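This report concerns only the one structure given below.
The values are calculated or read from the model by the stated rules, or taken from the named source; none is laboratory data. Source: prediction; values computed, not measured. Reconstructed Cβ throughout: ideal geometry from the backbone, glycine too, with neighbour counts over all protein chains shown. Just the protein is used for accessible areas: all its heavy atoms, side chains included, with ligands, DNA and RNA removed. Shrake-Rupley method; radii C 1.70, N 1.55, O 1.52, S 1.80 Å.
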Amino acid sequence: MNSRVRFTIQLSIEIIILCILLLLSIRYGANKNSNDTVMNAIFNYQSSNLDQQIIRQIRIPRVIGAALIGSALACSGALMQCVTKNPMADSGLLGINSGAALMLTMSFIFFPKLSTQQTTIFSVFGAALASILVFGLSSMKKAQLSPTILVLAGMAISAFFTALSEGLALISQLKQDLAFWHFGGISAVNWNQLIHLGPWVIGGLLVALLLTPNLNLLNLSDDSIQSLGKNINIIRSITLICVVILSGISVALVGAVAFVGLIIPHIAKFLVGADYRQVMPMTLILGANLTLCADLIARTINPPNETPFGIIISLVGVPFFIYLARKDNQRI
Amino acid sequence: MIKKAKLTTWIITLTITIIILAIINLNTGQMKVTPAEIWQLITGSGTYAQSVVIFDFRMPRIIIAILVGFALAIAGDVIQTTTQNPMADTSFLGINAGAGLAVMIFIAFIKNQDANLFMLPVMALLGALISTVTVFFFAYKKDTGITANRLLLTGVALSGCFSSVMVLFTLKLSPENYQFVMNWLTGSIWGTSWSFILIFLPWFIIFTTIIFSKSKVLDTFNLGDEVAQSLGISLHRERIILIGAAVILAGVSVSISGGIGFIGLITPNLAKRIIGFKSNKRMLLSGTLGSCLLIASDTLGKCLSTTTEIPVGVIVAIIGAPYFFYILIKSNS
């Protein structure tokens, strides 16, 4: 019972932090708002008031988007670390983001008139392609891939996809349009996108939460899982579909953001232990907290200009990655 | 004896391939020059325009491609042998990203680029070296020194960091500068004049000589750390010297050719498969394979599109990636 009490306390603390961050994000930005304006915009909306309009039409969708994407990236990171039994797995590091980016580039070049929803399909398709490549290659080997090899393989796959998309962009003279997308950040998220893509993200997150009892099993050897009467391939496939949907949609919405999926599951495990039934909810909330925080900093550090929020994440993520590499882990 | 004959056969075949590719490369481009006309140029007749195109633009480019391909391949070979990791490459040690960031900062802040044409490779080299020193610094730990895996992972992390800082500058660039930087990052041989070759050659000769003179030491790395140490070789020191030489070689190459990956990754593996583990032979073969791959990619890029040039780095990646996937499946980690 002790661990459950601790988990409840930790989770409630994180949820309180999440609420505070949500309110702060809505309040601060290029222009500050009073608490009254924020409350009015939410509960007593008057479309003639410009401040309220900014909050309602621009800031709220952006903040919700940031929170959802943070959860999605963190969740896909946790799922991948679980499936590959590899502490270094992350959708950015394994090249899944760059696969999505390649398909997006192609859709920009060949079908420039598509709506955001349609380009998202391309992005998810690209993410699927890259994950099939990464996991297909690593499962073709009989021996388990070591974390370092997996990271290097991911780097090479990223380099391949990036070379392709940059080459295509150069030939077709796409220029900076793509760069803006790559690092575009959360500023472009609007209600329309949230309504269409939000349900998919939430669905993916729910499936991940439902999967958690099975995820604990994946730490066992394949034989013991089979002897428990569970079909390991079904668990793995569902997990991978979740990863593809979550990371594909995140990339389509905010560009290639790495490191969220790497850091958050580790922090969650540090806080609540190794049981995925407790790790997963923590991961979702912590992921949302991280991206909200990064987005808030990105908006307020140099107003009215926006700093790309991927940089803020990297500033946290790179030291963490180096810490993981320096930690004398037998498996690395 | 069979081994020796095998190496000679391979080197001769590859050299002939390189020469054929070079001749094709000389002929392709906006201005067509047939082999007969090239012969006329060499013997002293031929138009002025043709001689400018051939001798001042295409010839240096081909020579740079051959040298850079060779340098990148043996640098990758050294990194793979010293770290005992078939997936390692100099581009993973933060060299490409560091050089790219330096070039981007340089282009973003210095307006008059033509006057500073020769500053660009210097800046790139500086960026490559600074980033490598940083990688070594973070990979170092008091009790265990620098382990191979930690070095590679730190390199990956810092590459990620540099590319996200690059974003800041990307958005500041004018479209023309952006196009130039993107071309640079994907890897297009842009240092195409004899003066670049003159700058490059001393570095190339010094550091390839150092690496080849240490081929016996490299052999011992294949035996494992314990055996090497029992032979009286100071493993850490040799490893740092060799990796340092490889990094400088790759840094100089990248600074005049742009961020080309994959050559140092795949050619050593291919060479190992063909010739075995003997370091001096293997490095000679992987270097020649590297030259061949780079010049083939350059020629292919020129032939595929007549209007815009496809950056050679893209072609190298397209050719190299499938073989890399093959290595990944076959290697026993």
Original post:
Any idea how many residues of the range B:167-223 are closer than 30 Å to B:Arg58 by Cβ, within 14 Å of chain A (Cβ to nearest Cβ) and either open to solvent by less than 30 Å² (accessible area, probe 1.4 Å) or not acidic (Asp, Glu) (or both)?
Top reply: 16
Original post:
Can you find even one residue in the range B:228-241 that is surrounded by fewer than 19 Cβ atoms within 10 Å (Cβ to Cβ), in contact with a strand residue (DSSP E or B) (Cβ under 9 Å, 6 or more places away or on another chain) and of a type in the set (A, V, I, L, M, F, W, C)?
Top reply: yes
**OP:** State whether the residues of the range B:266-283 include one that is at pLDDT below 85 and under 16 Å from B:Gly94 (Cβ atoms).
**Re:** no
**OP:** Tell me, please, whether a residue that is of a type in the set (Ser, Thr, Tyr), facing another protein chain (nearest Cβ under 10 Å) and surrounded by 24 or more Cβ atoms within 10 Å (Cβ to Cβ) can be found in the range B:145-159.
**Re:** yes
Original post:
Can you name every residue in the range A:192-221 that is under 23 Å from A:Lys269 (Cα atoms) and not aliphatic (A, V, I, L, M)?
Top reply: A:Gly204, A:Thr212, A:Pro213, A:Asn214, A:Asn216, A:Asn219, A:Ser221
Original post:
What are the residues in the range A:318-327 that are facing another protein chain (nearest Cβ under 9 Å) and free of Cβ contacts under 8 Å to residues at least 40 places away in the same chain, if any?
Top reply: A:Pro319, A:Ile322, A:Ala325, A:Arg326
Subject >> Test result for A:Ser71, surrounded by fewer than 19 Cβ atoms within 10 Å (Cβ to Cβ) and either within 18 Å of A:Val260 (Cβ to Cβ) or at pLDDT below 80 (or both) >> reply: no
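A quick yes/no check of all residues on (1) in a helix (DSSP H, G or I); (2) surrounded by 18 or more Cβ atoms within 10 Å (Cβ to Cβ):
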{"residue": "A:Ile13", "(1), (2)": "yes, no"}
{"residue": "A:Ile16", "(1), (2)": "yes, no"}
{"residue": "A:Leu23", "(1), (2)": "yes, no"}
{"residue": "A:Asn33", "(1), (2)": "no, yes"}
{"residue": "A:Ile60", "(1), (2)": "yes, yes"}
**OP:** Evaluate the following for A:Gln46: is it open to solvent by less than 60 Å² (accessible area, probe 1.4 Å) and more than 27 Å from A:Ser250 (Cα to Cα)?
**Re:** no
**OP:** Can you work out which of the residues in the range A:275-317 that are open to solvent by 40 Å² or more (accessible area, probe 1.4 Å) and either modelled with pLDDT of 80 or more or assigned to a helix (DSSP H, G or I) (or both) is farthest from the other protein chains (Cβ to nearest Cβ)?
**Re:** A:Arg277
Subject >> Subset of the range B:40-91 (residues that are assigned to a helix (DSSP H, G or I) and open to solvent by 40 Å² or more (accessible area, probe 1.4 Å)) >> reply: B:Gln40, B:Ile42, B:Thr43, B:Tyr48, B:Ala49, B:Phe55, B:Asp56, B:Phe57, B:Met59, B:Ile63, B:Ile66
Original post:
Do we find a residue being open to solvent by 10 Å² or more (accessible area, probe 1.4 Å), over 20 Å from A:Phe161 (Cα atoms) and assigned to a helix (DSSP H, G or I) anywhere in the range A:83-100?
Top reply: yes
Subject >> Considering residues of the range A:234-264 that are within 14 Å of chain B (Cβ to nearest Cβ) and either hydroxyl-bearing (Ser, Thr, Tyr) or assigned to a helix (DSSP H, G or I) (or both) only, the residue surrounded by the fewest Cβ atoms within 10 Å (Cβ to Cβ) >> reply: A:Ile263
Original post:
What single numbered condition from (1) in contact (Cβ under 8 Å) with a residue 40 or more places away in the chain; (2) under 20 Å from B:Gly258 (Cα atoms) fails to hold for B:Ser131?
Top reply: (1)
Original post:
Of the residues B:Gly29, B:Gly46, which single one is at positive phi and without any contact (Cβ under 8 Å) to a residue 12 or more places away in the chain?
Top reply: B:Gly46
Original post:
What number of residues within the range B:92-106 are more than 14 Å from chain A (Cβ to nearest Cβ) and open to solvent by less than 10 Å² (accessible area, probe 1.4 Å)?
Top reply: 2
